[in-house]
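Visitor: What follows is a structure written as structure tokens; I'll ask about it next.
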Amino acid sequence: MQADIQINAHWVAPLSASHSRTILHNQAVFVKDGKILAIQNQQATSHEADQVVELNDHILLPGYVNAHGHAAMSLFRGLADDLPLMTWLNDHIWPAEGKWVNDEFVFDGTRLAIAEMLKCGTTTYSDMYFYPQEGAQAAIESGIRNVSFTPILDFPTNFAQSADDYIEKAVAAHKHYHNQPRITLGLGPHAPYTVSDTPLKEVTTLADQLDIPVQIHLHETAFEVAQSLEEKGKRPTQRLADLGFLTERVSCVHMTQISDDDIQILKQTGASVVHCPESNLKLASGFCPTAKLLSNGINLGLGTDGAASNNDLNIQGEMKTAAMLAKAVAEDAAALPAWQALEMATIGSAKSLGIDDQVGSLDVGKWADMQAVNLSQLGQNPLYDPISQLVYTDSSRATEYVWVEGKALLEKGQLSEASGLDEEQLIANAVQWQKKISQN
């Protein structure tokens, strides 16, 4: 069969069930109609292709899946640093959002975020932010894959006036983009302390009816847990479980304050956890016990959170931080080894978003969402273990190619024409927003 593209790579890390934690050498990956057609030895291929890409110094692997973020908040990068979560939110971020966030802000900020993520090897990102249709449109125009969780809160914002209003707009966004192959619209109740029981129950019902994913910030701080115990008489995870909210379609973001009972609830319900180590560290929110969660069979994804609390959107950096933090928390240098961290950033994140049947590994029939990292550069040598180099060095600087559905969005380290993103224009636009926000 004639393929559209043949990519010859020195190393291939499929991260698939059939090649679990195996590196393949001198392989050709064939892409047809945006999907992986075959993975074969370069010397024994049974296909030809219209285009051949030679990557003699590269490792080819699935694109990273950023399982949690607030893309448009890139325009607030560095606005309010070195503050605890609730001070950061109440005194800085929410007032800034009230003043500046509109459809234009979201479209521009999302484009800036997408460009940054593409240059770091991300092919899918999760977004929880206002004006989801504008955010989704930015993703469509760039060619990246997006899972967008429309925020739901009890109180008004620029975007909506009540929990019912948020939910109505979430359903409208889902209907609008339901047939877009790279866009998934889900429901994003902000947190247990900002959403009451009735809308949480409605979210569960709607998610089942529409077959869409749900994401929530959960157990982010000790204050959140203490407040729930005082006001509800139970921990937030127990409250959500009692409401029937926690299911396999739910991803719980942060989870820094976890008891053994919380772990059992996650295990019983099948909910995933999305770890955001650098944001948690910067806001001093606490430590997610990743090794303990993994040993209990709980699926873990990896996210950057927003650029206002990180302050970058580099999943490769999150992998390194997650792996090292896990060792310190577990007091075990063998905790969360490199392969496991890489799985969190790819297939684990895809599973947390409910799209692991489409992306997250290089499998025949899945979308050709891939990246190629050059391992011949200064910071990657000497080379003993390619996976170790990916996780423990700053390998994002060596990301040279990114494909989504077989379309090259990054080529030789530069955003391609196909991405529709001009780096100089994005920077100039970000500077204009910074000037406006700084003057008021």
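Visitor: Picking from M324, M86, M73, which is most flexible by a Gaussian network model of the chain using Cα springs under 10 Å?
Guide: Of the options given, M86 has the highest mean-square fluctuation.
Visitor: Rounded if a/c is under 1.5, else prolate if a/b beats b/c, else oblate: with a ≥ b ≥ c from the C-alpha gyration tensor eigenvalues square-rooted, which is region 364-433? Show your work: numbers first, answer last.
Guide: Details: a/c = 2.78, a/b = 1.39, b/c = 2.01.
Oblate.
Visitor: Follow-up question, since we're still on this one. What residue among G78, S46, V31 has its Cα farthest toward the positive end of the dipole of region 17-79, where the charges are +1 on Lys, Arg and -1 on Asp, Glu, each on the Cβ?
Guide: G78
Visitor: With the chain treated as a Gaussian network of Cα nodes joined by springs under 10 Å, which of E202, E134, E400 yields the largest mean-square fluctuation?
Guide: Fluctuation is largest for E202.
Visitor: Follow-up question, since we're still on this one. For region 304-440, what is the charge dipole size about the Cα centre, in debye to the nearest 20, if Lys and Arg each add +1 at the Cβ and Asp and Glu each add -1 at the Cβ? Mind dumping the intermediate values first?
Guide: Working: 9 positive and 19 negative charges, 59 e Å.
The calculation lands at about 280 debye.
Visitor: Angle between the Cα long axis of helix 163-177 and the longest principal axis of the chain, 0 to 90 degrees, nearest 10?
Guide: Helix 163-177 sits at roughly 20 degrees to that axis.
Visitor: Determine the calculated [θ] at 222 nm for the chain from helices alone, applying -39500 (n - 2.57) to every DSSP H run no shorter than 4 residues and normalising by the residue count; nearest 500 deg cm²/dmol. Intermediate values should be presented prior to the final figure.
Guide: Values: 15 runs with 153 residues, N = 440.
Estimated from H runs of four or more residues: -10500 deg cm²/dmol.
Visitor: Quick one: grab the alpha carbon gyration tensor of the chain, order the square roots of its eigenvalues as a ≥ b ≥ c, and give me rounded if a/c is under 1.5, else prolate or oblate depending on whether a/b is larger than b/c. Walk me through the intermediate numbers first.
Guide: Values: a/c = 1.61, a/b = 1.39, b/c = 1.16.
Judged from the Cα gyration tensor, the chain comes out prolate (a/c at least 1.5, a/b above b/c).
Visitor: Continuing with the same structure: H25: accessible area at probe 1.4 Å, nearest 10 Å²?
Guide: Around 100 Å² of this residue is reachable by solvent.
Visitor: Please list, by residue number, every one of the chymotrypsin sites (Phe, Trp or Tyr not before Pro) in region 206-315 that is coil in DSSP and has at most 10 other beta-carbon atoms within 10 Å.
Guide: none
Visitor: On a 0 to 90 degree scale, rounded to 10, what angle separates helix 260-269 from the longest Cα axis of the chain?
Guide: 70
Visitor: Apply the a/c threshold of 1.5 to the C-alpha gyration tensor of region 249-379 and tell me whether it is rounded, prolate or oblate. Mind showing how you got there, number by number?
Guide: Working: a/c = 1.58, a/b = 1.17, b/c = 1.35.
It comes out oblate by the Cα gyration axes.
Visitor: Still on this structure: Taking the solvent-accessible surface of protein heavy atoms with a 1.4 Å probe, what is the per residue accessible area of region 286-395 in Å²?
Guide: Details: 3640 Å² over 110 residues.
Result: 33 Å² per residue.
Visitor: Tell me, in nm to one decimal, what length is gained between Q414 and I437 on full extension, where the rule is 0.36 nm per residue of separation less the Cα-Cα distance? Before the final figure, lay out the partial values.
Guide: Numbers: separation 23, 0.36 × 23 = 8.28 nm, distance 2.91 nm.
Here the answer is 5.4 nm.
Visitor: Let me ask you something else. What ranking do 288-301, 333-346, 155-168 get when scored by the average of other Cβ atoms within 10 Å per residue, highest first?
Guide: Values: 288-301: 20.4, 333-346: 22.1, 155-168: 16.2.
For the peptides 288-301, 333-346, 155-168, the packing ranking is 333-346, 288-301, 155-168.
Visitor: Which one of T321, T198, T269 has the biggest mean-square fluctuation once the chain is modelled by GNM with Cα springs under 10 Å?
Guide: Per the Cα network of the chain with a 10 Å cutoff, T198 tops the list.
Visitor: Please list 209-218, 124-133 highest first by mean number of surrounding beta-carbon atoms within 10 Å per residue.
Guide: On the way: 209-218: 21.4, 124-133: 26.8.
The densest-packed peptide leads the list: 124-133, 209-218.
Visitor: Between helix 423-438 and the chain, what is the angle of the helix's C-alpha long axis to the longest principal axis, kept within 0 to 90° and rounded to the nearest 10?
Guide: 20
Visitor: Can you spot the aspartates and glutamates whose alpha carbon is less than 17 Å from K267's alpha carbon? Ignore those fewer than 8 places along the same chain.
Guide: Correct list for K267: D242, E248.
Visitor: If I stretch the segment between E48 and N179 completely, what's the gain in nm (0.36 nm per residue apart, minus their alpha carbon distance), one decimal? All intermediate terms of the calculation are to be shown ahead of the outcome.
Guide: On the way: separation 131, 0.36 × 131 = 47.16 nm, distance 3.16 nm.
Roughly 44.0 nm would be gained on extension.
Visitor: Among all the aspartates and glutamates, which ones have a C-alpha under 19 Å from K407's C-alpha, if same-chain residues fewer than 8 places away are not counted?
Guide: Straight-line reach from K407, under 19 Å: D4, D33, E48, D50, E54, E116, E141, D363, D369, E417, D422, E423.
Visitor: Right, here's the next one. Give me the lysines in straight-line cross-link reach of K320: C-alpha distance below 23 Å, same-chain residues under 8 apart excluded.
Guide: K119, K282, K292, K351
Visitor: How large a share of the accessible area of the chain, in percent, is made up of carbon and sulfur atoms when the probe is 1.4 Å and the other protein chains stay in place?
Guide: 47
Visitor: Determine the dipole magnitude for the chain: charges of +1 sit on the beta-carbon of Lys and Arg, -1 on that of Asp and Glu, nothing else is charged, the reference point is the Cα centre, and the result goes in debye to the nearest 20. Could the numbers behind the result be given before it?
Guide: On the way: 29 positive and 54 negative charges, 84 e Å.
That gives the chain a dipole magnitude of about 400 debye.
The values are calculated or read from the model by the stated rules, or taken from the named source; none is laboratory data. Since the structure is predicted, the reported quantities are computational estimates derived from the model, not experimental observations. Heads up, the Cβs are rebuilt from the backbone with ideal geometry, glycines too, and the neighbour counts pull from every protein chain shown. Quick note on the areas: whole protein, heavy atoms, side chains included, nothing else; ligands and nucleic acids left out. Shrake-Rupley method; radii C 1.70, N 1.55, O 1.52, S 1.80 Å.
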